[in-house]
Amino acid sequence: MTKLTVNNEAVEYLLDPATPLLWALRDASNLTGVKYGCGTGACGACTVDVDGRAVRSCQVTIAEVEGSFVTTIEGLSRDRADPVQLAMLDGNVVQCGFCIPGMVMAASALIKARRDPSEADIRRAITNLCRCGIYPRLVEAIQKAARVARGDETIDAGTRPGIDPAEAARAVPALSPR
């Protein structure tokens, strides 16, 4: 049995200790925001926060992170109010969305470590791959997220999950129902 804290919940995995953290999170905990991309740690789609560090979950076993605090995109902010999530939405960074959970987790860990990351800091820390090519907007969004996290700026949270489309149309005219 391997014991972790996942999204602030104590978890005991009855899996082989050599199981990659990615598969424990996706298959045993049903946390599918953690994506399988390449399996080699190159793409970053599987990035999670382990004790405040961005970790490629396909590259560590559950035994290696036993006793750790693991946060996935699902545990970062249930209402999408995390500064990184808000800045990504505000900056229209998200396109297909596949790589975004890993990027959000990597950016969140960076901002925890560096309250005012430079463009160079961001480019060094966020090595996740994106086929949609969001990189120019990504740097700007992460810098904005850092300002929000520091309290230097605010972002309107916008529409929350589960809102009725007709209600959303009041705030966003382009979404008016037909």
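The values are calculated or read from the model by the stated rules, or taken from the named source; none is laboratory data. Worth saying up front: this structure is predicted, and the values here are computed from it rather than measured. Surface accessibility is based on the protein's heavy atoms, side chains included, excluding ligands, DNA and RNA. Shrake-Rupley method; radii C 1.70, N 1.55, O 1.52, S 1.80 Å.
Looking at segment 50-58, can you tell me whether even one residue there is open to solvent by 30 Å² or more (accessible area, probe 1.4 Å), more than 23 Å from ARG150 (Cα to Cα) and at pLDDT 95 or above? The answer is yes, given that some residue of segment 50-58 is open to solvent by 30 Å² or more (accessible area, probe 1.4 Å), more than 23 Å from ARG150 (Cα to Cα) and at pLDDT 95 or above. Taken residue by residue, segment 105-112 has no member that is outside any strand (DSSP E or B), open to solvent by 40 Å² or more (accessible area, probe 1.4 Å) and closer than 22 Å to TYR36 by Cα.
Taken over segment 21-53, the criterion of being aliphatic (A, V, I, L, M) and either farther than 12 Å from PRO101 by Cα or part of a loop (DSSP other than H, G, I, E, B) (or both) is satisfied by LEU21, LEU22, ALA24, LEU25, ALA28, LEU31, VAL34, ALA42, ALA45, VAL50. Take ARG137 and decide whether it is charged (D, E, K, R), part of a loop (DSSP other than H, G, I, E, B) and either at pLDDT below 95 or open to solvent by 80 Å² or more (accessible area, probe 1.4 Å) (or both). Judged against the criteria, ARG137 is not a match.
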